[in-house]
1. Have a look at GLU324, GLU307, GLU341 and point out the one that is surrounded by fewer than 24 Cβ atoms within 10 Å (Cβ to Cβ), modelled with pLDDT under 95 and not aliphatic (A, V, I, L, M).
2. Inside segment 119-150, can you point out the residues that are in contact with a strand residue (DSSP E or B) (Cβ under 7 Å, 6 or more places away or on another chain), closer than 28 Å to ASP42 by Cβ and not β-branched (Val, Ile, Thr)?
3. Among the residues of segment 136-164, how many are under 17 Å from the mean Cα position of the chain (by Cα) and either part of a helix (DSSP H, G or I) or over 24 Å from ILE395 (Cβ atoms) (or both)?
4. Could you please find all residues in segment 156-206 being surrounded by 17 or more Cβ atoms within 10 Å (Cβ to Cβ) and without any contact (Cβ under 8 Å) to a residue 60 or more places away in the chain?
5. Going residue by residue through segment 120-133, is there one that turns out to be in contact with a Lys or Arg (Cβ under 6 Å, 6 or more places away or on another chain), closer than 19 Å to THR246 by Cβ and either assigned to a loop (DSSP other than H, G, I, E, B) or aliphatic (A, V, I, L, M) (or both)?
6. Got a number for residues in segment 348-370 being outside any loop (DSSP other than H, G, I, E, B) and either charged (D, E, K, R) or surrounded by 15 or more Cβ atoms within 10 Å (Cβ to Cβ) (or both)?
7. Suppose we keep only residues that are among the acidic types (Asp, Glu) and in contact (Cβ under 8 Å) with a residue 24 or more places away in the chain within segment 351-403. Which one would you say is nearest to ASP66 (Cα to Cα)?
8. Could you check how many residues of segment 232-263 are in contact (Cβ under 8 Å) with a residue 12 or more places away in the chain and of a type in the set (Lys, Arg)?
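The values are calculated or read from the model by the stated rules, or taken from the named source; none is laboratory data. Bear in mind the structure is a predicted one, so any value in this text is a computation, not a measurement. Methodologically, a virtual Cβ is constructed for each residue, glycine included, from the backbone with ideal geometry; neighbour enumeration extends over all protein chains shown.
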Amino acid sequence: MSKMQLDLDVIEIKDVCFGEKDDLDHGTLVIDKKGLIEYLADPVFSKIDIELAKPGDSARIIPVKDVIEPRIKEDGKTSFPGIIGDYTECGEGTTKVLRGCAVVSTGTIVGFQEGIIDMSGPGARYTRYSSLNNIVLVTEIIEGIKPAEHEAAVRMAGLKAAHYLAKSALGKTPDYRESYALAESKENLPKVAIMYMIMAQGLLHDNYVYGVDAKRLHPALLHPNEVFDGAIVNGCCVVAGDKYTTYDHQNNSIVQEFYKRHGKEIDFKGLIAVPTYPGLADKRRCCSSAVRMARLLGVDGVAIPEEGGGNPEADLMMLCRQCEKNGIKTVMMLGPDGVEEPVADTAPEADAVINVGDCNEFVVLPPMERIIGDQEQVKYMSGGAEESINEDGSIRVSLSIIMGSVIGQGTLKMSSYVY
């Protein structure tokens, strides 16, 4: 693992606009709108449109399915191995990154657990996506399409759009380069790993690893570079506030933090990907296997950030109990604080828990000049209700409806306290 090096050639995107041909010049991404729509054509869609939403715009994107950062390997063929491109070079070599922009997929609602991105106003402070130049795919589907087919079509459209846009970076000089390699630690430092819980719940609650539905997987050891390089893709319609978008996998803040401390404070040994199944037998299977991997790595401690809530908390506590039983210290990161929203399971060994915020807190989001998608769908989304839309166009919703507001990675540095 220590020999794998991934170089991210980063180009900072300061603005996005439409033009006659795709181009990238001095930080401005120019998009051939017609060409991109033709590239995304799928019989499932009755209509595809593309809108731009920039930081500070009076714009609300609703309902949001996924957020994706455009990245592509230097050969121009691979962005998401196993889905778009081959597996061979994942986690090493050079990857081009368009930083400061993202593809956002929206349109007709897929599942009730989708989200909102406000580009300005009080809602913008609760999501990091409000700071990005967003290229928004607005899709409508033909009648008779089942939710699973709908989700797959929207997911693929988002990934294809990110791949298409990232091609603009090929041959361009990067603004800077980030290099990631797990060099051998010369110091006798605490050995740590991340137990990376991956949704495998079914019913639109699944992620994908190298293009394979997590419901078909057993725990696996991953190099952290593989996550940065598109190995894990969001396929979830779980509650928006604590959902990991594809962007969150590509820019996992905990992995980044562990890399910063590797060789200085910790000896980072990698990721153990743990599918979180709904059934008890599968939970036990995956937990036992993941803990054995941790023991094989000889780690002293693990961090276990949670995605979603409720059912996955059984996996979280099971991993905690088994790790602690085998002398491996655990730190967990999750949204519910046990007061505003009960944790579905608990364990006496869970004595180091980081709370990343209360998703039940209500906020009033003011009316926006532009709605990208359909604001009426807030009535059917987790965190919204029939009475959420006020007469003036403002909406009263809980933080659970805002994309990434209480994500287990703790990207917004928010927490709640019990007095």
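1. Selected residue: GLU341, the only one of GLU324, GLU307, GLU341 that is surrounded by fewer than 24 Cβ atoms within 10 Å (Cβ to Cβ), modelled with pLDDT under 95 and not aliphatic (A, V, I, L, M).
2. MET119, TYR129, LEU132, ASN133, ASN134, LEU137, GLU140, HIS150
3. Qualifying residue count for the region: 12.
4. ASP206
5. no
6. 5
7. Ranking the candidates gives ASP374 first.
8. Total satisfying the criteria: 1.
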